[in-house]
Every structure is written in structure tokens, then in C-alpha cells.
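Novice: Dropping the structure in here first, questions after.
Read-outs: derived from the displayed coordinates by stated rules, not from any lab. All values derive from a computational prediction rather than experimental measurement. We place every Cβ from the backbone using ideal geometry, glycine too, and count neighbours over all the protein chains shown.
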Amino acid sequence: MTIINRLVSRSHKIGTAIRFRELKAAMLEFEIKNLGKVGRGHVKLAPLTIFVGKNNTGKSYAATSVWCLSNLSPILNTKDARTKRPKWFTEFSEFTASENDRELVITSEKLGEVASYLNELFRRSAPAFFSKVFAYEGFRDAYLNVICSEFKPFAIRVSTVSEKARIGHEFDERVVQFVAEGGAKLFEAVFPSFLWKESSIATDIIFGHIVQLAIQGEVDFIPQRSTYIPAARTGLMLALGSLASDSLGSKENSSSRELPLPFQQFLREMVRPNFSDRPSQKNKLSAWLDDNVIGGAIEAQRRQGTPDYKYKPRGSDVELPLYATSSMITELAPFCVALRSDVRGRHLILEEPEAHLHLEAQREMARAIGRMVSSGAQVTLTTHSDTFMQQINNLISLYKHPQQTKLLKRFGYNKADLIDPLKIAVYEFIASDDGTEIHKLECTPAGFVVKSLNDTLVALAKETVEIRENQ
């Protein structure tokens, strides 16, 4: 096992055991301007955040901005950005050979300094950053600013321990712990001491986590990872092998244009899915989606290179290649793959989860979203479906309904489907001459009123009535 793989596997194993004591979703808050179709907008995430509006109003640009704030390494780990890190962090990371232990208390003042540092990077480098993220040059006036109003101090403790390798030699490791007030561990990672001294990998990872805790506000865990599932999933899944080879291979062997970074991450997760093929280890959320939406299971035949995904209908021994299935199956296959591993602590960024679904299946997908949030995931999604939004509204209305028990039984719902109105934020994207404006919607007892959807439905109803009256 390579040093990097060993580092990742150990830190992931330890972190998983301690990360989920008390989950509080990351409350990223940010402003964007002049980003694609978006003229301006102010967004504060909730456990469930929905971007809704007409086509071509910039919802995907906003969703990608959310992904960017969870994947800041392209802007944080440049040579210039490293030289401008706060002095206290540089001093902390410069160990000498005689030092074994060190602690750094990250106060509210230090976190505020980190947030200012990040926003200064955005002010200088946002156009180049977004050009790299989107694999497109065209963001000269792009603006991104993170708003940080709540900070929760923590400490970073580094200790040096000796580890005996399999070949019999001993070497030193640096054990890094992020510890919240009260002593709860947020994160732990292990680095070989020489890796710390001879490269920037260790300090980049540690500083990246400091930045995440600074911009997320009052949280009690570092999110495990963000997963971006883009639109146009059918094309990506059917061409998975060639796209992965071109976009994830070496530059010299690439025959296609570089894909946006979220798409590249999506391809990596499809090529190297993190789930078990054994039915006994399938989690409840994945099993529910298989039973209630796709009526079967997505299975991956593991081979060298790209997995061969197939669809196995319920009650059948036939395994169909994805190209021989309906668009519903190919669109939902990435969701099925993503949900096969534990969603707790993960941030799922989903574009149009209702795409290519019949109205009934759209309603089931809304319930699946409710179950993701109930299972401990943070979800940010885009939609332009009135049926999907109405089902979300129904799940909100049922959350504290006086007849909840009776209605759940009548509709065949489960409490896990329901959505706490305090844990959802909905933003409507409204086009204007100066670019799309993002408006936060108020949650009423009946859910959210989306004017752009309702106006279309009313116009359709009026047209229908007038046609019938003039027969």
C-alpha cells in the first residue's frame, strides 16, 4: 500500500468512528455575482437546500459554487496561496527534528482571519478559479464571497509516535487531531514525519480542514466528502469508459477536452464506487430506492478499469447493460451507486433528481430526498418540477400535522420521509435584464410557493378552459 493510500485509509477509518457523534449540517453562506447566468445572489445552506426556477436561469452555476466551497484545493494549494497563509499556521507547521508534540488553539479571531484570507483569494483569483472548475474561460467578472458570522473554536494537536513497518524498520508518524471544545474529536489523520517535512501534502490537508471549519460556522464534524451528481447523467454513464479514460488519464493520452471538475469527480466516483456488492451490506436507503423507484438493482461487475454497470429487474435473473434500459434507469443509476455507501456526514449535490421520471416516480424521489436528510446527509439540489416541489411541500406539511399518524398510514409514508421545515431552504431563480436574481422563499404552513412554477400552471389552466369554452 502506498504512503498516500495508507494515510487516506487510516484517517478515513479513524474519522468514521468519531465523526458522527452529533451531526450538525454545515451552514455555508456566500454571495455570488456575474457567474454564468447568475447576476447576483445570496445563499445560506440548510440540511436540505433547493434551487428552483426555469431552465437556463443559473441553478447549476449556483450548485457548482456550493461544490467549489467544499473542494477548495485548486485555489488554496497554489504556490501564491501557500505563501499568504496566516503566520501562526506557518509557524505551527514548521516542526524541528527535536519536537514531538505541539498544539494550536484556533480561536474565533484566527478563524475570522482564515475567512478573510479565503475571500481575499477569491477577490484576486475567482475568475481563474472558476475557469478551472468549469473548464471554460469566461468568468472575468465572477465574484464569490463567503460570509462567516459564527465561529466555534477548536484545537489542533500534533504528536509524534514510532511505528514499526512490516519489513522491520521503525519510522516516525505525526498524528494530527482536531479537537472541539469539550474534547470531542472532529478529525484525525496520520502522516509519516518525512512526508510532513519534504512535501506540502500534510500541511495542505490540515489547512484545508481549518478553512472548512472557518466557513461552515458552528458544526461538530468535518464533512466526509461532497458528491456531485450532474444533469445529463445518461450520456455520462453510457460513455463512462471512454470519458473516464480521456478526462482522468494523463494529459498526453487525452483526446477530448477537459471536463469541469465536478464532472471529473463524478466520473471518479462511478469508476471507483465505494460500496459493497454483498446484499447483506446494502443500507436501508439504497434498498428503499431499489424497491420503490427503479424496481430492481444496479450492480457493478468489477474488472480492471471501469466497472461494468448492469440493471437487474426485481424477480429476474436477467442483467441488462445500461444501454438496453430505459432513460429512467440510466438517470437514476448514479443515485443508486452513490447511496450504496453510508450517506451520514456527506454532502450530496444533485442536479434535477426528477429528470426523466414519470410523475409518480418524481414523488418517490422527493421521499428519497427526505430519507437522505433523515439519514444524516446534507443535500443541495436543483429542480424545475412542480410535481417534485409539491411532494416536498406535502412532506413538510406532514412533519407536524395534528393527524400525522393517521395520514402516514393512509398514504403509506414513513416518518423518515418527512422534512422538518426548519431544515430546508428554497431559493427561486428569477431571470432579469441584469442576469438572474436569487430570491429566498418563505416557508408557509403549506410549504413553499414558487411563483415561476405556479404562473405556468395557472396559464396552462386558463388556456385549457378557454379552449374548451370556445368549442
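Novice: I need the calculated FRET efficiency for the pair residue 109 and residue 77, taking r as the beta carbon distance and R₀ as 22 Å, to the nearest 0.05.
Specialist: That gives a FRET efficiency of 0.35.
Novice: Just to confirm the filter: which trypsin sites (Lys or Arg not before Pro) across region 109-150 are DSSP coil and have at most 16 other Cβ within 10 angstrom of their Cβ?
Specialist: 140
Novice: Now for a separate question. Pull up all non-local amide H partners of residue 348: gap of 5 or more, or a different chain, and H-to-H distance under 5 Å with H placed in the peptide plane.
Specialist: 227, 378, 379, 380
Novice: On full extension of the chain, what length is gained from residue 299 through residue 317, given 0.36 nm per residue of separation minus the C-alpha to C-alpha distance?
Specialist: So the extension gain works out to 5.3 nm.
Novice: Calculated FRET efficiency, residue 31 and residue 441, Cβ-Cβ r, R0 22 Å, to nearest 0.05?
Specialist: 0.75
Novice: At a Förster radius of 56 Å, what calculated FRET efficiency corresponds to the Cβ-Cβ distance of residue 136 and residue 406, to the nearest 0.05? Display every interim value, and only then the final one.
Specialist: On the way: r = 53 Å, r/R0 = 0.94.
According to the calculation, E is roughly 0.60.
Novice: Here's something else I'd like to know. Check which residues have an amide H placed less than 5 Å from residue 297's amide H, if you skip close sequence neighbours.
Specialist: 312, 314
Novice: Just subtract the alpha-carbon distance of residue 356 and residue 100 from 0.36 nm times their residue separation and send over the number in nm, one decimal.
Specialist: In short, 86.4 nm is gained.
Novice: May I pose another question? In nm, to one decimal, how far is the residue 324 label point from the residue 470 one, both placed 7 Å along Cα→Cβ?
Specialist: Between residue 324 and residue 470, the label points sit 5.1 nm apart.
Novice: Ok, one more. Testing the spin-label approximation: label points 7 Å from Cα along Cα→Cβ at residue 238 and residue 416. State their distance in nm.
Specialist: 3.3
Novice: Work out how much length residue 199 to residue 452 would gain on full extension: take 0.36 nm times their residue separation and subtract the Cα-Cα distance, in nm to one decimal.
Specialist: Roughly 85.9 nm would be gained on extension.
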